[in-house]
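Structure, as structure tokens:
The values are calculated or read from the model by the stated rules, or taken from the named source; none is laboratory data. Every value quoted in this text rests on a predicted model; they were computed, and no experiment measured them. Glycine gets a Cβ as well: all are built from the backbone with ideal geometry, and neighbour counts include every protein chain shown. Calculation scope for accessible area: heavy atoms of the full protein, side chains included, ligands and nucleic acids excluded. Shrake-Rupley method; radii C 1.70, N 1.55, O 1.52, S 1.80 Å.
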Amino acid sequence: MSFEPVFGPASRALILGSWPSPESWRQGFYYGHPRNRFWPLLARLCGAQTPATVEEKRALILQNGLALWDVLESCTVTGASDASIKDPVPVDLAALLKQAPVVAVFCNGATAFRLYETLLRPVSGIPAVRLPSTSPANAAFSMEKLAAAWGAALGPWLSASH
């Protein structure tokens, strides 16, 4: 079973990953690997300090009009390798969309995007924006390149920028 989604009444943009890494499972929350650049990147885009606790991470998402979830409810996977994902079962995105005013979807990496397009876009009808993965495995993208790509796509959706 995946983590519960993080969303609130102001969540207009949804960020989707593929599946939590083993380190994320150990910590009990999204993007727990210390070398994953998701939290430092999001903090930078929001003009905030990098959150350290789960409560701070939830607050960063909610205060900026975002929602956070993974595409998959369950799957078979080896370690943190998205390439090894088998037997994907999608999350119940329709249930989230009934509770949150999400109108934009952003996928963290190619696998999340591919899974969203095949499993969830038919449910949501919302086209997704594929963003470069914040995973440490995506060494081709420096923090500067990530900030430029994510900022251009996600920036207009951040509550802090309105």
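Suppose we filter S74, S2, S11 for residues that are among the small types (G, A, S) and part of a strand (DSSP E or B); which single one remains? Please lay out each step first, then the result.
On the way: S2 fails: part of a strand (DSSP E or B); S11 fails: part of a strand (DSSP E or B).
None of the others qualify; the one that does is S74.
For region 84-105, how many residues meet the condition of being of a type in the set (G, A, S), over 11 Å from V123 (Cβ atoms) and more than 17 Å from the chain's Cα centre (by Cα)? Spell out the reasoning first.
Keep residues of region 84-105 that are of a type in the set (G, A, S), which gives 84, 94-95, 100, 104.
Of the ones still in play, those that are also over 11 Å from V123 (Cβ atoms) are 84, 100, 104.
Checking the rest, the ones that are also more than 17 Å from the chain's Cα centre (by Cα) come to 84.
Residues flagged as of a type in the set (G, A, S), over 11 Å from V123 (Cβ atoms) and more than 17 Å from the chain's Cα centre (by Cα) within region 84-105 amount to 1.
In region 13-71, which residues are open to solvent by less than 70 Å² (accessible area, probe 1.4 Å) and of a type in the set (K, R)? Step through it out loud before you land on a result.
Taking region 13-71 first, the residues open to solvent by less than 70 Å² (accessible area, probe 1.4 Å) are 13-24, 28-33, 36-43, 45-46, 48, 51, 53-54, 57, 59-61, 64-71.
Passing the criteria: R37, K57.
Quick check on region 75-83. Is at least one of its residues open to solvent by 40 Å² or more (accessible area, probe 1.4 Å), touching a residue at least 40 places away in the same chain (Cβ under 8 Å), within 15 Å of the chain's Cα centre (by Cα) and closer than 20 Å to A149 by Cβ?
yes
Please find, among L96, L154, the residue that is open to solvent by less than 30 Å² (accessible area, probe 1.4 Å), part of a helix (DSSP H, G or I), out of contact with any helix residue (DSSP H, G or I) (no Cβ under 8 Å at 6 or more places or on another chain) and among the aliphatic types (A, V, I, L, M).
Result: L96 is the single residue among L96, L154 that is open to solvent by less than 30 Å² (accessible area, probe 1.4 Å), part of a helix (DSSP H, G or I), out of contact with any helix residue (DSSP H, G or I) (no Cβ under 8 Å at 6 or more places or on another chain) and among the aliphatic types (A, V, I, L, M).
Looking at (1) open to solvent by 30 Å² or more (accessible area, probe 1.4 Å); (2) in contact with a helix residue (DSSP H, G or I) (Cβ under 7 Å, 6 or more places away or on another chain), can you tell me which one D87 breaks?
Here D87 meets the rest and fails (2).
How do the pairs read when you match residues in region 20-38 that are within 19 Å of S74 (Cα to Cα) with residues anywhere that are surrounded by 14 or more Cβ atoms within 10 Å (Cβ to Cβ) and of a type in the set (K, R), using Cβ under 7 Å and keeping only pairs 6 or more apart or on different chains?
Qualifying pairs under 7 Å: F29/K57.
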